[in-house]
Amino acid sequence: MTSTLLLPLLLLLHFLLLSVVSVDDYNASAASPTIFRSVCGKIQTPDPQSFDVHFVDAMEKVYKNITKFGFATSRSDSNLTVYGLGQCFNYLNPVNCQLCYAKSRVKLPHCLPATTARIYLDGCFLEYADRNVYADSVDSADTFDCANTTVGNSSLANFLVLTSLLLGNLTASAYLKNDYYEVGSIRVSVLPQLRVYAMAQCWKSLNASGCRECLEKGRKSLIERCLPVSSAGGEAMNAGCFVRYSTEPFYLQAASGGGSSRSSSDRRRLIVGLSTVVAVSALIGIVILWRRWRKSDSEDDDDGSGMIIRSIIKSDLSFRYDVLCDATGNFSLKKKLGQGGYGSVYKGILPDGREVAVKRLFVNTRQWVDQFFNEVILINQVQHQNLVKLLGCSIDGPESLLVYEFLCNTSLDHYLFDPLKKAALVWERRSEIITGSAKGLAYLHNASAVRIIHRDIKASNILLDERFRPKISDFGLARSFAEDQSHLSTGLAGTFGYMAPEYIVHGQLTEKADIYSYGIVVLEIITGRKNQNSISASADGQSLMQLIWHHYKSDTLITMLDSELKGKCSEEEAMNVFRVGLLCVQASPGLRPPMWKVVEMLTSRSTKEDMPTPAEPPFMNIKCVCL
C-alpha cells in the first residue's frame, strides 16, 4: 500500500481526534481511560478462524446493551460458543461508558487466539471466554496493582488505618446494594491536606454471596499488598469485581467529565466525533494490516489493493455499516442463511426494498485480509449469469461486510441432502444445475478477464435462485494466475472430500482441481448422496466413488441413481451425466476434460460412443478414504 493513501487517512484521523478533544469541558482522561491490566488466558483455541467470528458476535451483543444499561452479557449463536461480559462502573455516565467500552473492545482482541481474556480500565471491565463466566466471583487469574507513588511519613499512620477502615466499610455495604456499587472518601490528614477516595463494584451477573466473596478478597489484596508499602493507590481486579482506592478523586473526576453542564449539542458532537474516529481507525487498521503482511509497497500496488480501497470509498460499491446492520435486524439469528470458514451470511432488506445477502468478515487474522480483498478484487472483475453478483461492501464499521444479490432458494446442499426437500430437485432442475455450474466454471477458467481457480467448489457454494438456476458463490479462496503459468504452488485450502489428489499431495493448483471438485458435485447431484458421509453410511465401508466405480465396471451404474429420479428421467441422459462426473474425477489430472468440453458434452446430448472411457478415480485401493 503506497504512502499516498495512508497519509491522508492519518491526517484525517488526526483532525477528527482534535475536533473531539476540542469539545467544551471535555475530560481527557475520559476520552482515553487508563488500562490497569489485561489478562490473557494460557489456552489457545484449536480453531482461531471460527473463534474470531464468534468473538465478534459476542462483543457486538455486549455493545448493544452496555452503553444503554452499563452492563451486558452475551453469547454467540453457535456450537462453538463465546461468552461476553461487560460492566461500566457506576461513576461513568453513558457517554464515558461508551468511550471506555470502545477502548476495551479495541485492546481485548490482542489476546486472541486465547480462549479467555479480560481487561480492566479506569471505568469499565470487559471479558470473553469459551465458557459461561457470568457467575465467577474469584479465580486464579485475579490480580492487583499498587500505585508507584507513596504517602509521606507525616501522614502514614492515619493513612494506613483510615484507608483500611474505608475499604472495609465500602466492601461490607456494596454487596447489599441493588447495583453492587459503593463509593466514599475519608480525610486522613489536615496538614498536609490529604483525602482518600475508594470504590467497590461487583458485576451485576453475580448473586449477593458471590459479590461478597469477591469484594472481601479484593479488600484483603489491597490491605495486605498495597497499604504496607504506603502506596498512594491500588486496584484489586478479580473475576467478579473491582476495588480501588486513591488519593486522587477519580470517581468525581469521571462523573464531572460528562455532567449536566455539557449541552446536548456538545454531547451529540462528542458521540458523532467518536463514531467517525472509530470508523476511520477501522479503515486505517485494514491498511496497516495489509501493509504489514505484504513484502513491499510495490507488491501492494501489484495486486491492486490500494486501487480497490480508493474505489470502494469513492464508488457506489460502498455501503454504510449501520444501514446493513438495520437491514439484517442487527444480524439476527432468524436472518442467518449460513456460515462458512470466513464469515456468516444473513438476509437483509435495504431501505429501497432490495433483498440482499450480507456476508460478515472479521479483522483479527491475516486470513481475514486475504479473504476480504480476494473476494472484492476477483468477483468484481467477473460477470456471468452463473456467478453470484457482488453488489458492494462496507469497511466503515467494527467488522467488514460483503453484499451480494440474494438468492431465495439458498444453497444446493440444503435441498440435495434433505430427505424432504430433495423432491423439489426434479431431473430438469438437477440437469440445469449441473450444466449451469459447468458454464460458470468454464467462464472462470477460460473466458473471464483473468484466469480464476475457485478452489472450493462444493454443493454449499452453489446457490439457487427462485427458478433453481445455479450461481457459484464464495470466492474467498479463489486464485488467479497468468496465461503463461502452468500452475500455482499454494498452501492447502478447500474442503476435504472435494479436493483433488494432486493438490492434496503436492500443493500444485491448476484448473484441474476445480474440475475434480465439480465432478464430485455432479456425482452427488445424480445419486443424492454426500461424498464426505458416504463411508460411514455405506454397509461395507466404501466411499461414494468406490461404489460408483464398482457399479460402473459391473455395468449396473443406473442402480446408483437417486431414488427420487428413478422412472422420472431418461436412463440414457442419466448415464451420460454419470460418465461426465467420472471423467472429471479421474486420478490423472491430464485426463480430466476442460470445463468448456464438459459444457459441450452436457449440452450437445453426447452419447456413450462420443465420450472417452473414464479411468479409475483415485484412492480406490484404500478401504477408508480420508479426504
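The values are calculated or read from the model by the stated rules, or taken from the named source; none is laboratory data. Note that the coordinates shown come from a computational prediction; the quantities given were computed from them, not determined experimentally. Positions of Cβ are backbone-derived with ideal geometry, glycine not excepted, and every protein chain shown enters the neighbour counts.
Under the condition of being of a type in the set (Phe, Trp, Tyr) and under 18 Å from Ala141 (Cβ atoms), the residues counted in the stretch 207-251 number 1. The lone criterion from (1) over 30 Å from Ser32 (Cβ atoms); (2) within 39 Å of the chain's Cα centre (by Cα); (3) surrounded by fewer than 16 Cβ atoms within 10 Å (Cβ to Cβ) left unmet by Leu191 is number (2).
For every residue, the table says whether it meets (1) over 36 Å from the mean Cα position of the chain (by Cα); (2) assigned to a loop (DSSP other than H, G, I, E, B); (3) modelled with pLDDT under 95; (4) buried (at least 19 other Cβ atoms within 10 Å of the Cβ).
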{"site": "Tyr518", "(1), (2), (3), (4)": "no, no, no, yes"}
{"site": "Glu524", "(1), (2), (3), (4)": "no, no, no, yes"}
{"site": "Ser534", "(1), (2), (3), (4)": "no, no, yes, yes"}
{"site": "Gln546", "(1), (2), (3), (4)": "yes, no, yes, yes"}
{"site": "Lys568", "(1), (2), (3), (4)": "yes, yes, yes, no"}
{"site": "Trp596", "(1), (2), (3), (4)": "yes, no, yes, no"}
{"site": "Ser606", "(1), (2), (3), (4)": "yes, yes, yes, no"}
{"site": "Phe619", "(1), (2), (3), (4)": "no, yes, yes, no"}
{"site": "Cys624", "(1), (2), (3), (4)": "no, yes, yes, no"}
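Of all residues in the stretch 73-117 being in a helix (DSSP H, G or I) and hydrophobic (A, V, I, L, M, F, W, C), which is farthest from Val62 (Cα to Cα)? Only one residue tops the list, namely Cys111.
Let's see how each residue does on (1) more than 20 Å from the chain's Cα centre (by Cα); (2) buried (at least 20 other Cβ atoms within 10 Å of the Cβ):
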site: Val53; (1), (2): no, yes
site: Asn79; (1), (2): no, no
site: Val82; (1), (2): no, yes
site: Gln87; (1), (2): yes, yes
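Here Ala114, Ala147, Ala72, Ala157 are screened, and the one residue that is at pLDDT 90 or above, assigned by TED's automatic domain parsing to the domain that holds Gln193, out of contact with any helix residue (DSSP H, G or I) (no Cβ under 8 Å at 6 or more places or on another chain) and small (Gly, Ala, Ser) is Ala114. The set of residues from the stretch 415-462 being of a type in the set (Val, Ile, Thr), under 20 Å from Arg592 (Cβ atoms) and over 31 Å from the mean Cα position of the chain (by Cα) comprises Ile434, Thr435. Scanning the stretch 165-214 for residues that are closer than 23 Å to Ala72 by Cα, among the β-branched types (Val, Ile, Thr) and not in a strand (DSSP E or B) yields a single hit, Thr171. Within the stretch 382-414, the set of residues being β-branched (Val, Ile, Thr) and under 20 Å from the mean Cα position of the chain (by Cα) comprises Ile395, Val403.
Taken over the stretch 55-77, residues that are under 13 Å from the mean Cα position of the chain (by Cα) and free of Cβ contacts under 8 Å to residues at least 60 places away in the same chain amount to 1. Those residues that are touching a Ser or Thr at 6+ places or on another chain (Cβ under 7 Å) and of a type in the set (A, V, I, L, M, F, W, C), I need them from the stretch 118-148; list them, please. If the condition is that a residue be touching a Ser or Thr at 6+ places or on another chain (Cβ under 7 Å) and of a type in the set (A, V, I, L, M, F, W, C), then Ile119, Leu121, Cys124, Leu126, Ala129, Ala135, Phe144, Cys146, Ala147 are the ones that fit.
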